[in-house]
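J.: Before I ask anything, let me first share the structure, which is written out below as structure tokens.
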Amino acid sequence: MNFIFTILILLIASYILEITVRKQFNVPKSILSIAPVNNVHRIGKNILMVALLAIVIISFTTEYHILWLFLVILFVQYLFDIIMQYKYIRESREHLINIFFLIFYGLAALVILYFNPAIILQ
């Protein structure tokens, strides 16, 4: 139950922070924020999404709650998006939003590990 609650809080916080950061950096939400920049980006995002879904399914169907691995995959996904967006669509400044969320999820992982160090062993 803690896993579901933690993921829900992270998703709500992410939504609120995205709106705030977009206003602060004056980056409008466009199709570039969702659509992959090229075929390599699309394939990479699909692989990471499948890994993320597999982690969630494993956490719900077994006694292993691997929240730390969920956060690692989110971290890798944002890092991959930053690299691809900076390289191919730098003028949209969408990579700035992803840099912010990379830092946000990194700090979230540290806070979760601080309050529940046993999560690594689960």
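J.: Residues in the stretch 42-51: is at least one aliphatic (A, V, I, L, M) and over 16 Å from the mean Cα position of the chain (by Cα)?
T.: Yes, that holds for at least one residue.
J.: Just checking, how many residues over the stretch 25-59 are touching a Phe, Trp or Tyr at 6+ places or on another chain (Cβ under 7 Å) and farther than 21 Å from LEU71 by Cβ?
T.: Residues that pass the stated criteria total 2.
J.: Which of the residues belonging to the stretch 3-23 are closer than 19 Å to TYR105 by Cβ and surrounded by fewer than 12 Cβ atoms within 10 Å (Cβ to Cβ)?
T.: PHE5, LEU8, ILE9, LEU11, ILE12, TYR15, ILE16, ILE19, THR20
J.: Still on this model: When you go through (1) surrounded by fewer than 12 Cβ atoms within 10 Å (Cβ to Cβ); (2) more than 26 Å from GLN85 (Cα to Cα); (3) hydroxyl-bearing (Ser, Thr, Tyr) one by one for SER30, which number turns out not to apply?
T.: Against the list (1) surrounded by fewer than 12 Cβ atoms within 10 Å (Cβ to Cβ); (2) more than 26 Å from GLN85 (Cα to Cα); (3) hydroxyl-bearing (Ser, Thr, Tyr), SER30 comes up short only on (2).
J.: Another question, if that's okay. Among ILE57, ILE66, ILE19, which is the only one that is within 24 Å of HIS95 (Cα to Cα) and either in contact with a Lys or Arg (Cβ under 7 Å, 6 or more places away or on another chain) or hydrophobic (A, V, I, L, M, F, W, C) (or both)?
T.: Answer to the selection: ILE19.
J.: Restricting to the stretch 62-111, what's the tally of residues that are in contact (Cβ under 8 Å) with a residue 60 or more places away in the chain and more than 12 Å from the chain's Cα centre (by Cα)?
T.: Within the stretch 62-111, residues that are in contact (Cβ under 8 Å) with a residue 60 or more places away in the chain and more than 12 Å from the chain's Cα centre (by Cα) number 6.
J.: Looking at the structure I just gave you, is ILE47 without any contact (Cβ under 8 Å) to a residue 24 or more places away in the chain and β-branched (Val, Ile, Thr)?
T.: For ILE47, the condition - without any contact (Cβ under 8 Å) to a residue 24 or more places away in the chain and β-branched (Val, Ile, Thr) - is met.
Where a number appears in this text, it was derived from the coordinates with a stated rule and is not lab data. Computed from a prediction, not measured in an experiment: that's the story for all the values here. FYI the Cβ positions are ideal-geometry reconstructions off the backbone, even for glycines, and counts take in every protein chain you see.
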